[in-house]
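Student: Below is one structure. I have some questions about it.
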Amino acid sequence: MIIVNTTDSLEKTLATVRSAGNKRIGLVPTMGALHAGHVSLVEQSVRENDYTVVSVFVNPTQFNNPVDLEKYPRDLDKDADLLRISGCDLIFAPSKETIYTEEELQKPFEFDFGGLDQVMEGKFRPGHFNGVVQIVSKLFSLVKPQRAYFGEKDFQQLSIIHRMTDLMGFDIQIVDCPIVREASGLAMSSRNERLTPEQRKIAAGISKVLFECRNFVPSYSPEKLKQWVENEINQIQGLELEYFEIANTKTLQPAINWEKPTVGCIAVYCGEVRLIDNIRCS
């Protein structure tokens, strides 16, 4: 496994890989602070491709909270040890200056989201998905993989990545990977590192409520089930609900019935740490 920090080194290395034959390249974009959920993506890429690239880059343009950006955990040495064991071939760990010009950092990236950015995460984190599309499109152009792997924990982001891939004409297969959970049920996230042991126990209540809510489908309407989840979360001391929405899996618009597939998406604060999760409802 090698680590490269510049676009020139990345492109030269991948050119050598491609020159050796019809090599399939897999890409796993990450912001580091890796955990077993990331490892599952990397291992799937290793199984399905000849060469796996993992990007480790805390992307400043997708943070609308400067404090959140500052506190985001970073430990490239630890990440590299984990990726080496996972079978990764190349880590691309660029600096902010390598990826962006000063103009790109100052001017919001524009993209036609088709309404996918107007709800849930997009509503509470304005500009977030502009930054996501900006960095992922750059990585796609630099790496030119055959496949790219993303976790379903970021369900709305994954929907937007699919749209971006189609609209921008990338010939890349987007591979949706299931949520990996801790033994307690808590969805694995780099942000979990910021939780105290007691907060980690409290945060496990999020998935417990989500799992339980499926028992009320279809007897409850989506609106009634939404109210039930909100009430349950609000009763857990130490959690502060930001939103819970039951949405159509394709349009991400609020569901009015159970006729089409739905997903329940949630964002909750546990202390200062913002956690997201989701579960298929129907």
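A short reminder: the numbers here are calculations on the coordinates, not readings from a lab. Just so you know, these numbers come straight off a predicted model, no measurement behind them. Backbone-built Cβ (ideal geometry, glycine too); neighbour counts: all protein chains shown.
Student: Mind listing the Cα extents of region 1-129 along all three principal axes, in Å, largest one first?
Tutor: Over region 1-129, Cα extents along the principal axes are 44, 29, 28 Å.
Student: Also, I was wondering about something else. Å³ per residue of the Cα convex hull, for region 181-242? Before the final figure, lay out the partial values.
Tutor: Numbers: hull volume 5.5 nm³, N = 62.
Output value, Cα hull per residue: 89 Å³.
Student: Can you give the FRET efficiency to the nearest 0.05 for ILE2 and ARG181, using r as the Cβ-Cβ distance and R₀ = 30 Å?
Tutor: Values: r = 32 Å, r/R0 = 1.06.
Between ILE2 and ARG181 the formula returns 0.40.
Student: With +1 assigned to the C-beta of every Lys and Arg and -1 to the C-beta of every Asp and Glu, and no other charges, what is the dipole magnitude of the chain about the Cα centre in debye, to the nearest 20?
Tutor: With only Lys, Arg, Asp and Glu charged at Cβ, the dipole is about 540 debye.
Student: Relative contact order, percent, of the chain when contacts are C-alpha pairs under 8 Å separated by at least 6 residues?
Tutor: Values: 471 pairs, mean separation 48.3, N = 282.
Here the relative contact order equals 17 percent.
Student: While we're on this one: Could you give the DSSP H helices of the chain that reach 20 angstrom or more along their long axis (alpha carbon positions) and whose average Kyte-Doolittle hydropathy is no lower than -0.5? Walk me through the numbers on the way to the answer.
Tutor: Values: long enough: 128-143 (23 Å, 1.15); 197-213 (25 Å, 0.02).
Helices meeting the criterion: 128-143, 197-213.
Student: If I model a spin label as a point 7 Å beyond the Cα along the Cα-Cβ vector, how far apart are those points for GLU223 and SER9 in nm?
Tutor: Reported label-point gap for GLU223 and SER9 is 5.7 nm.
Student: Can you pick out the pairs among LYS153/LYS260; LYS208/LYS260; LYS138/LYS201; LYS71/LYS144 whose Cα atoms lie more than 27 Å from each other?
Tutor: On the way: LYS153/LYS260 20 Å; LYS208/LYS260 24 Å; LYS138/LYS201 38 Å; LYS71/LYS144 31 Å.
Among LYS153/LYS260; LYS208/LYS260; LYS138/LYS201; LYS71/LYS144, the Cα-Cα distance tops 27 Å for LYS138/LYS201; LYS71/LYS144.
Student: Let me ask something additional. Averaging over all projection directions, find the projected area of the Cα convex hull of region 190-280 and quote it in nm² with one decimal place.
Tutor: Numbers: hull surface 23.0 nm².
Hull-based average projected area comes out at 5.7 nm².
Student: Between TYR243 and ILE256, what length in nm is gained on full extension when 0.36 nm per residue of separation is reduced by their alpha carbon distance?
Tutor: Values: separation 13, 0.36 × 13 = 4.68 nm, distance 1.70 nm.
Net length gain for the segment: 3.0 nm.
Student: Just going by the charge dipole of the chain, with Lys and Arg at +1 and Asp and Glu at -1 on Cβ, which of LEU69, VAL54, PHE211 is farthest out on the positive end?
Tutor: PHE211
Student: Using the per-residue mean of other Cβ atoms lying within 10 Å as a proxy for protection, in what order, highest first, do the peptides 171-182, 243-254, 95-106 fall?
Tutor: Details: 171-182: 15.2, 243-254: 18.5, 95-106: 11.8.
Packing order, densest peptide first, comes out as 243-254, 171-182, 95-106.
Student: What number, rounded to the nearest 500 deg cm²/dmol, is the helix-based mean residue ellipticity at 222 nm of the chain, given -39500 (n - 2.57) per DSSP H run of at least four residues and division by all its residues? Display every interim value, and only then the final one.
Tutor: On the way: 11 runs with 115 residues, N = 282.
-12000 deg cm²/dmol, from helical runs alone.
Student: If we sort 79-87, 131-139, 13-21 on the protection proxy, mean other Cβ atoms within 10 Å, highest first, what's the order?
Tutor: Details: 79-87: 17.2, 131-139: 21.4, 13-21: 12.2.
For the peptides 79-87, 131-139, 13-21, the packing ranking is 131-139, 79-87, 13-21.
Student: Separate question: Express the Stokes-Einstein translational diffusion coefficient of the chain in µm² s⁻¹, to the nearest whole number, given a Kirkwood radius over alpha-carbon pairs, 37 °C and a viscosity of 0.692 mPa s. Before the final figure, lay out each step's value.
Tutor: Numbers: Rh = 19.8 Å.
Estimated via Stokes-Einstein, D reaches 166 µm²/s.
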